[in-house]
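Below you'll find the structure, written out as structure tokens, and then a few comments.
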Amino acid sequence: MTARITIVGSLNMDLVIRSPRIPQPGETIIGSEFQTNPGGKGANQAVAAARLGGQVSMVGRVGEDSFADALLENLAAAEIDATFIQRDRQAASGVALIVVDDHGENIIVVASGANMRMTEKDVEAAEAVIADSDVLLLQLEVPLPVVKRAAQIAQSHNVTVVLNPAPARELPPDLLALVDVLVPNESEAALLTGLPIGSQTELEKAASKILNSGVRSVVITLGKRGAFLASSDYKSKIYEAFSVQAVDTTAAGDAFVAGLAVNYGAGKTLPDAIRWGNAAGAMAALRFGAQTSLPKRIEVFELLKGEKPEKILGREA
Ligand code: RIB
């Protein structure tokens, strides 16, 4: 079954410099390569979901600049329905400044531009598309009232709501109560709960606090350690990550969320969907950039079957 996924979220142009390390405040260092890559958590998750086999629509806002043209072309290349992406004359397209170090770690600062000018009307206009979806996928790079309105519409049509609460921020209980699957990383889960995240016991405590707020299932991503699932339907457990030599972790989290959403939306169990998410995230870390790094379904399938990542990428001698 093909999952129908609607994403309400951001589109950014990523301006990326490779650097030997992340600079300290006030420091200037000489980096190396510079790239301009399509990004934004919403668009990354949309492209990842499409490459992983989903039928994808995106609701969002861009400016009337050349970045917008490139961002929309990239969605079109992935066969994503962009009917409900507005062009805003009053604002520039979102931009993210990114530094990636030699270990594949990054720092990111976003100038949201048109993304933060989305309104509840933008999602109300897309109600029929949301209603016709298996999963509504949300992040926090657009205004919170927009996220909440989209989740309300989805819930009223029995559409599964998956929220990736990134970038980290506190969330109102009435939004959490609309969420079926919450997918925070460790720092987002710590901020949401006010609790430390590390050991299995700490994960259990934080997850149970999140579940008490009305979320049906929580999946806390743990980077190299994998992902922790807590839900009333399954025994709490860490699902191990695939071990890869990361080149750039930008959008690895987005690939995880999309892998989970596409497979859960297609009727797989949450543990199976998490395994797909782990494999999609690992494959995304092997290539540079955001949307440039997102894997195809066949690549993720091969990793899940036990193929070596280098062989999948065709890098093995
Ligand atoms: O999750 C990675 C993304 O975060 C980047 O593509 C950047 O645009 C920011 O939104």
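In a residue-by-residue description of region 121-135, the property of being closer than 29 Å to residue 64 by Cα, surrounded by fewer than 24 Cβ atoms within 10 Å (Cβ to Cβ) and within 16 Å of the ligand (Cβ to nearest atom) applies to no position. Could you list all residues from region 99-139 that are assigned to a strand (DSSP E or B) and of a type in the set (A, V, I, L, M, F, W, C)? Scanning region 99-139 gives 99, 100, 107, 108, 109, 110, 111, 135, 136, 137, 138. The residue pairs whose first member lies in region 61-74 and is farther than 21 Å from residue 140 by Cβ, whose second member is among the basic types (Lys, Arg), and whose beta carbons are closer than 7 Å, counting only pairs six or more residues apart or on different chains, are 64/87; 64/89; 68/87. Reported count of residues in region 168-201, each being of a type in the set (D, E, K, R) and buried (at least 17 other Cβ atoms within 10 Å of the Cβ), is 3.
Of all residues in region 125-151, those that are touching a Leu at 6+ places or on another chain (Cβ under 6 Å) and free of Cβ contacts under 8 Å to residues at least 60 places away in the same chain total 2.
If you go through region 79-118 and keep only what is of a type outside the set (Gly, Ala, Ser), touching a strand residue (DSSP E or B) at 6+ places or on another chain (Cβ under 6 Å) and either within 13 Å of the ligand (Cβ to nearest atom) or modelled with pLDDT under 95 (or both), you end up with 95, 97, 98, 99, 100, 106, 107, 108, 109, 110, 115. Only a single item in (1) more than 21 Å from residue 4 (Cβ to Cβ); (2) within 17 Å of the chain's Cα centre (by Cα); (3) not β-branched (Val, Ile, Thr) is not met by residue 114, and it is number (2).
The values are calculated or read from the model by the stated rules, or taken from the named source; none is laboratory data. Note that the coordinates shown come from a computational prediction; the quantities given were computed from them, not determined experimentally. Positions of Cβ are backbone-derived with ideal geometry, glycine not excepted, and every protein chain shown enters the neighbour counts.
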